[in-house]
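The values are calculated or read from the model by the stated rules, or taken from the named source; none is laboratory data. Keep in mind that what you see is a predicted model, and the values were worked out from it rather than measured. Virtual Cβ from ideal backbone geometry, glycine too; neighbours counted across all protein chains shown. Calculation scope for accessible area: heavy atoms of the full protein, side chains included, ligands and nucleic acids excluded. Shrake-Rupley method; radii C 1.70, N 1.55, O 1.52, S 1.80 Å.
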Amino acid sequence: ARTSLPVVAEFRQSDMAAGGQGAPLVPWTDWVLFRHRKTSRAIQNIGGIANVTWLPAGGDAHEVVAFDTGPGNMVIDALVRHITGGRETMDRNGRRAARGHVLANVLKKWLENAYFLLKPPKTTGREEFGDLFVRRELKRLRAASPRPEDWVATATALTARSIAAAYRRFLPGVSRTRPISRPGARGDGRPSAAGIEMIVCGGGARNPTLMAMLADALPEAAVRRIEDFGIPSQAKEAISFAMLAKAYLDGVPGNLPQVTNAARPAVMGRLVRP
């Protein structure tokens with residue numbers, strides 16, 4: 001109504017009508033934008049929740065794997081809000097985590113969460129890793145350390161380690177054990193033909209402490225930001241939905257059934273005229 005333009009909206013419904021979960025919505029656009037003939041790529045979004053789109057080298061759309069890996073910034077943000085009484089809403093530039101130490105016993109307990117063992121397709125959200133999770137874990141954190149910086153460092157490690165664990169459990173091109181060296185990396189920061197590129201987008205890409213933990217947890221991957229490919233992090237989702245809208249207008253299916261668990265490909269969206 002404000003733009004007086006035709007709008008394509010309501011993308012989830014067609015996938016759900018085909019028996020799918022209606023999410024994740026962007027793996028098809030990730031495949032269109034980032035597939036590579038020789039390099040396997042993981043498009044890792046780190047928003048409140050973290051989700052991955054796996055693009056095997058030279059793979060077709062039906063070979064794409066995508067799912068929510070677990071918490072992204074959600075636990076970190078909730079802890080910072082609690083620590084500051086709401087004055088701050090995020091660990092800006094990862095400074096609090098950088099001053100803290102990871103509480104190994106707490107992290108081990110968190111990584112035993114049943115969600116991490118569920119096989120894809122799967123999604124999660126605030127019901128699992130939101131404010132209730134943090135309130136429930138405050139007693140455990142206080143018993144392990146009186147330093148709030150340690151709590152934030154541990155939450156940051158949870159994001160990095162749960163992403164790495166998801167790759168090792170569920171992505172077909174990733175080693176099941178943590179390698180000692182970086183066989184996929186080259187001196188210019190890009191992987192070799194046999195390597196893996198992790199392309200990080202979302203707010204988590206701006207957290208250097210988290211990015212360093214990711215690189216440490218997945219030493220076989222070259223960890224890069226989506227800006228390296230000419231797409232600002234804050235624009236990535238808008239670009240994806242613009243592509244889905246064009247796919248609707250062209251009559252091209254925009255879902256990946258193996259990702260959403262739909263019975264068939266579906267043209268997603270509905271045209272709303274002003």
Matching residues in the range 223-247 - criterion: being touching a Ser or Thr at 6+ places or on another chain (Cβ under 9 Å) and of a type in the set (Ser, Thr, Tyr): Ser240
List the residue pairs whose Cβ atoms are under 7 Å apart, where the first residue sits in the range 252-274 and is closer than 22 Å to Thr123 by Cβ and in contact (Cβ under 8 Å) with a residue 12 or more places away in the chain, the second is basic (Lys, Arg) and in a loop (DSSP other than H, G, I, E, B), and the two are 6 or more positions apart or on different chains. Pro257/Arg264
Can you pull out every residue in the range 83-94 that is surrounded by 12 or more Cβ atoms within 10 Å (Cβ to Cβ) and either among the hydrophobic types (A, V, I, L, M, F, W, C) or assigned to a helix (DSSP H, G or I) (or both)? Ile83, Met90, Asn93, Gly94
State which residue is farthest from Cys201 (Cα to Cα) when the search covers only the range 60-82 and only residues that are open to solvent by less than 10 Å² (accessible area, probe 1.4 Å) and part of a loop (DSSP other than H, G, I, E, B). Val64
Would you mind telling me which numbered condition in (1) buried (at least 24 other Cβ atoms within 10 Å of the Cβ); (2) touching a residue at least 40 places away in the same chain (Cβ under 8 Å) Leu55 fails? (2)
Based on this model, can you work out whether Gly47 counts as of a type outside the set (Ser, Thr, Tyr) and crowded, with 17+ Cβ neighbours inside 10 Å? no
Hey, could you check the range 114-147 for residues that are under 20 Å from Ala166 (Cβ atoms) and open to solvent by 60 Å² or more (accessible area, probe 1.4 Å) and say which is nearest to the chain's Cα centre (by Cα)? Thr123
Restricting the range 4-24 to residues that are out of contact with any helix residue (DSSP H, G or I) (no Cβ under 7 Å at 6 or more places or on another chain) and assigned to a loop (DSSP other than H, G, I, E, B), which is surrounded by the most Cβ atoms within 10 Å (Cβ to Cβ)? Ala18
Any residue in the range 223-246 that is in a loop (DSSP other than H, G, I, E, B), open to solvent by 50 Å² or more (accessible area, probe 1.4 Å) and either without any contact (Cβ under 8 Å) to a residue 24 or more places away in the chain or not β-branched (Val, Ile, Thr) (or both)? yes
